[in-house]
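One structure is given below, encoded as structure tokens.
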Amino acid sequence: MDAYIRLGIFLGVFIGLALAEYIWPRRKQILEISKRWPNNIGIALINVLLVRFCLPITLAGFSVVVSDNHWGFLSMTDLPLIVKIILSLILLDLVIYGQHVAFHHVPVLWRLHRVHHADTEIDVTTALRFHPIEIVVSMGIKFAAVAAIGAPAEAVLLFEVILNACAMFNHGNIYLPPEIDRALRCILVTPDMHRVHHSTITRETNSNYGFNIPLWDRLFRTYRAQPELGHKDMTIGLREFREPGEARIDRILTQPFRQPAKK
């Protein structure tokens, strides 16, 4: 049942954001949608099938096992369910922030994660573009986190829905008026905030790691308000993988195992 809930919300958010990108685009995209979207969506479908057929249980289903066996420190407390849910959401978000930092700074993990950053445009489909091996590693981290925290099933399901929706939102090629962006980014990672993270400038790439809330970036001093060159003039992606052919799904799948072409 949780899979159908997530799918329904995912499709609703995706379609809504795709329409918003068409009506209120933030940047003019050079590489056509027809050369990016089928491949980004295709890699997402591969990841969904991989998780579906390789994992015997969903993350929410695993959280039921965790609760039944009283694993994790929250399972051992008598806190009200609403408090456990709130604490779980905060702690899981911190885990995702830490995971993201690690994928940037551990070389073998960066080889996987750079598939996401090699997209030379950024829009709602960029949020879907992750290498299958990174998805497997990420799921392992999430399972371990749920077990250690003792997160209830309600919190896990809610967290996954929020994470997917926020990831699509903050990757969106959507124009928000500056005053709305300033207000929103006090509590939520906005498209303008996260777009900085997809800059080709390394010090900008290594900033703004948050997906849901900006708290961790501010707390750990990885927050950067704006790109140096401005949102319309900044270059998205990686310097090493800029050929249009790199957008193909076969190139996406093999990229972690290839060295950048020498120029």
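Details
- Axial C-alpha extent at least 15 Å, average Kyte-Doolittle at least -1.0 - helices from the chain (DSSP): 2-23, 33-54, 81-105, 132-149, 153-170
- Over all distinct Cα-Cα pairs of segment 26-67, the Kirkwood formula returns a hydrodynamic radius of 13.0 Å.
- Net charge over other residues, Cβ less than 12 angstrom from the Cβ of residue 149 (K, R count +1; D, E count -1): +1
- Using R0 = 22 Å, the C-beta based FRET efficiency linking residue 218 and residue 154 works out to 0.20.
- Per-q log10 I(q)/I(0), segment 1-129, q = 0.14, 0.15, 0.17, 0.19 Å⁻¹ (Debye; single scatterer per alpha-carbon; no solvent): -0.92, -1.03, -1.21, -1.33
- Between the labelled values [x] 143; [y] 194; [z] 133, the entry that holds volume of the Cα convex hull per residue in Å³ as derived from this structure is [z].
- Over the chain: helical MRE at 222 nm, DSSP H runs n ≥ 4 each giving -39500 (n - 2.57), nearest 500: -18500 deg cm²/dmol
- List 65, 124, ordered by accessible area with a 1.4 Å probe, largest first: 65, 124
- Per-bin percent of Cα-Cα distances, segment 199-263 [10 Å]: 18, 36, 32, 14, 0
- Label point distance in nm, residue 243-residue 201, each placed 7 Å from Cα along Cα→Cβ: 2.9
- Of all accessible heavy-atom area on the chain, the percent that carbon and sulfur account for (1.4 Å): 69
- If you take the alpha carbon atoms of segment 131-263 and fit the smallest convex hull around them, that volume is 149 Å³ per residue.
- For segment 66-170, the Stokes-Einstein estimate of translational diffusion at 37 °C and a viscosity of 0.692 mPa s comes to 221 µm²/s, using the Kirkwood hydrodynamic radius over alpha-carbon pairs.
- Computed from the alpha carbon positions, the gyration tensor of segment 131-172 leads to an equivalent ellipsoid with semi-axes of 20, 16, 6 Å, biggest first.
The values are calculated or read from the model by the stated rules, or taken from the named source; none is laboratory data. Owing to the predicted nature of the structure, the values given are computational and were not obtained by experimental measurement. Because the Cβ atoms are built from the backbone with ideal geometry, glycine has one as well, and the counts that use them run over all protein chains shown. What goes into the accessible areas is simple: the full protein's heavy atoms, side chains included, and nothing from ligands, DNA or RNA. Shrake-Rupley method; radii C 1.70, N 1.55, O 1.52, S 1.80 Å.
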